[in-house]
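Structure in structure tokens, see below.
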Amino acid sequence: SIDIMIGPRSALFAPFSRLGLIIMDEEHDTAYNSEQVPRYHARDAALRRAQLAGAGVVLGSATPSLETYSSALSGSCGLFRLTARAAAGRRLPSVELVDLRKELLAGNKSIFSRRLSELMQEKLQRGEQIMLFLNRRGYSGFVSCRSCGKVITCPHCDVALTAHAGGRLVCHYCGYEREMPDRCPECGSPYIAGFGVGTQKVEAAVRRLFPEARVLRMDLDTTARKDGHYRILSAFAAGRADILIGTQMIVKGHDFPQVTLVGILAADLSLYGDDFRSAERTFQLLTQAAGRAGRAGAAGNVVIQTYSPDHYAVSTAARQDYEGFYRNEMTFRRLMGYPPAGCMMSVLALSPVQETALAEMEALRQRILQAVTDPALRIIGPSAAGIARIQDVYRVQMFIRHSDRQVLFTVRALILDTEDCRFQADLL
């Protein structure tokens, strides 16, 4: 008989008759959230299955989700801290923040700061390996100023506005729009534009600066072939390359003993996404990326390049200070009523005709307001979803907030009982 099942989120449903323990590693990871039918979050399903079976659950993470950590602090579950690296004697890497605004003032318009270039040269001369992480997770085409770091945000939802065709900036929560400014509204600088850089551009810059270095790039293009991930990671682990360039897929728990430098090229790309969890996701990624350096005997260095060195998600990640991040982020969540300080549900209408999706969503909004007269219920939207059309099906979204989760369950039942348009309703 089988005693242990190891697998992805679907392994949760293995038919054990005497289930004793469920372990979820990296419990904060968004991959545990199934967006296909049947839609579920593996963490919630694991807790429920363990409850039914009388089993225990271990949720493991160096950067727990705010929902899990707040539950632990409230006493709903136990909290156990690992305060040092598992291998004895291994120190955490030295982390440096580089303010890209100062780099621009100094005349450096390169992808690499002067400090990162200096450390890369030093590590290459020693025969040590380097990882360059491009933080594109959650990137949504936000607009920022390269002089002062100001990001154009929604005045109502405190998330970054997304650049659309025709020079429009749009909030994907409430639908607020404004024109693209010619100059920064904060400092008046003309250096304001969409923020973005790709892995291919980074690779080209590396080859220009360090022509002798052996470079591997890991992204959707280079891993499209069968076993693409394995071939690249195996080659790097075997020492057949000096520098590995990639997005979040290169920082997912890999252990490369010869890596002594991690360069995080653009912390801001996920920091200002159109999602209220952007700061949390950024902190998790930066902390995870920093943990790739100095995992053997040699001292590790991490350089975080950012236009927002004072943002708490960046500064606490540099210090590996989860508690400090949690306190700051929960203040923001309480102020805005976002989970876990409040309860929130997303509603998505799908239709091959955009006007139909918008009309049906508005009609649904009116039905909810008539059925639930509680003044504490707040509905945001409807507006176009972040990805407004997929495979010729238009997507319109709406967000519903209330402090009581049961009220949202009542609203969800009302939504799913509606037949005149395809709706999806998920608690966030």
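None of the figures in this text is laboratory data; all of them are computed from the coordinates on show. This one's a predicted model, so the numbers in the text were calculated from it and none came from an experiment. We place every Cβ from the backbone using ideal geometry, glycine too, and count neighbours over all the protein chains shown.
Sort 14-20, 210-216, 353-359 for me by packing, meaning the mean count of neighbouring Cβ atoms within 10 Å per residue, highest on top.
My ranking of the peptides, most packed first, is 353-359, 210-216, 14-20.
If you take every DSSP beta bridge whose two residues both sit in the chain, what share of them, in percent to the nearest 5, is antiparallel?
55 percent
Could you give P(r) for the chain, binned at 10 Å from zero, as whole percent values over all Cα-Cα pairs?
4, 18, 28, 27, 17, 5, 1
Give me the number: length gained by fully extending A11 to R81, i.e. 0.36 nm times residue separation minus the C-alpha to C-alpha distance, one decimal in nm.
22.6 nm
As an exercise, find the ratio Rg/Rh for the stretch 1-123 from alpha-carbon atoms, using the Kirkwood inverse-distance average for Rh.
On the Cα set of the stretch 1-123, Rg over Rh gives 1.16.
What list of ³J(HN,Hα) couplings, whole Hz, do you get for the stretch 145-156 from phi and the Karplus terms 6.51, -1.76, 1.60, once you set θ to phi - 60° and write x for glycine and proline?
9, 7, 7, 10, x, 4, 10, 6, 10, 6, x, 9
Once amide H atoms are built 1.01 Å from N in the peptide plane, which residues 5 or more positions from G300, or in another chain, come under 5 Å H to H?
Answer set, sorted by chain and number: S94.
Another one. So between A388 and D3, what do we pick up on full extension, going 0.36 nm a residue minus the alpha carbon distance?
Full extension from A388 to D3 adds 134.1 nm.
Okay, moving on. Can you order the peptides 113-119, 53-59, 74-80 by their average number of other Cβ atoms within 10 Å per residue, highest first?
Highest to lowest by the protection proxy: 113-119, 53-59, 74-80.
A further question on this structure: Computed FRET efficiency, Cβ-Cβ of Y230 and K109, R0 35 Å: what is it to the nearest 0.05?
0.40
For the chain, calculate the relative contact order in percent as a whole number, restricting contacts to Cα pairs under 8 Å that are 6 or more residues apart.
16 percent.
For labels at R178 and C148 in the simple 7 Å Cα→Cβ model, what's the distance in nm?
1.2 nm
Here is the link list: K123/K150; K102/K150; K123/K226; K109/K252; K109/K150. Which ones come out longer than 26 Å on Cα distance?
Beyond 26 Å: K123/K150; K123/K226; K109/K252.
Can I ask one more? How large is ³J(HN,Hα) for each residue in the stretch 242-250, as worked out from phi by the Karplus curve 6.51 cos²θ - 1.76 cosθ + 1.60 (θ = phi - 60°), to whole Hz, x for Gly and Pro?
Karplus values, whole Hz, x for Gly and Pro: 9, 10, 10, 10, x, 9, 4, 5, 8.
Which residue fluctuates the most in the chain, going by a Gaussian network model with Cα springs under 10 Å, if the choices are T222, T63, T83?
Taking springs between Cα atoms under 10 Å, the residue moving most is T83.
While we're on this one: Taking one equal scatterer on every alpha-carbon of the stretch 242-364, how large is log10 of I(q)/I(0) by Debye at q = 0.10, 0.13, 0.14, 0.18 1/Å?
-0.45, -0.66, -0.72, -0.95
Gaussian network model of the chain, Cα springs within a sub-10 Å range: biggest mean-square fluctuation belongs to which of T316, T410, T287?
T410
Given a Förster distance of 25 Å, report the FRET efficiency between Q36 and A62 from their Cβ-Cβ distance, rounded to the nearest 0.05.
0.35
With r defined as the distance between the Cβ atoms of H164 and Q51 and R0 fixed at 41 Å, what FRET efficiency is calculated, to the nearest 0.05?
Calculated transfer efficiency: 0.35.
Separate question: Using the Karplus curve 6.51 cos²θ - 1.76 cosθ + 1.60 with θ = phi - 60°, work out ³J(HN,Hα) for each residue of the stretch 378-394 in order, rounded to whole Hz, and write x for Gly and Pro.
Once θ is set to phi - 60°, the couplings for the stretch 378-394 become 10, 10, 10, x, x, 7, 5, 5, x, 9, 6, 8, 10, 6, 6, 10, 7 Hz.
Tell me the mean residue ellipticity at 222 nm calculated for the chain from its helices only (DSSP H runs of n ≥ 4, each -39500 (n - 2.57), averaged over every residue, nearest 500).
-9000 deg cm²/dmol
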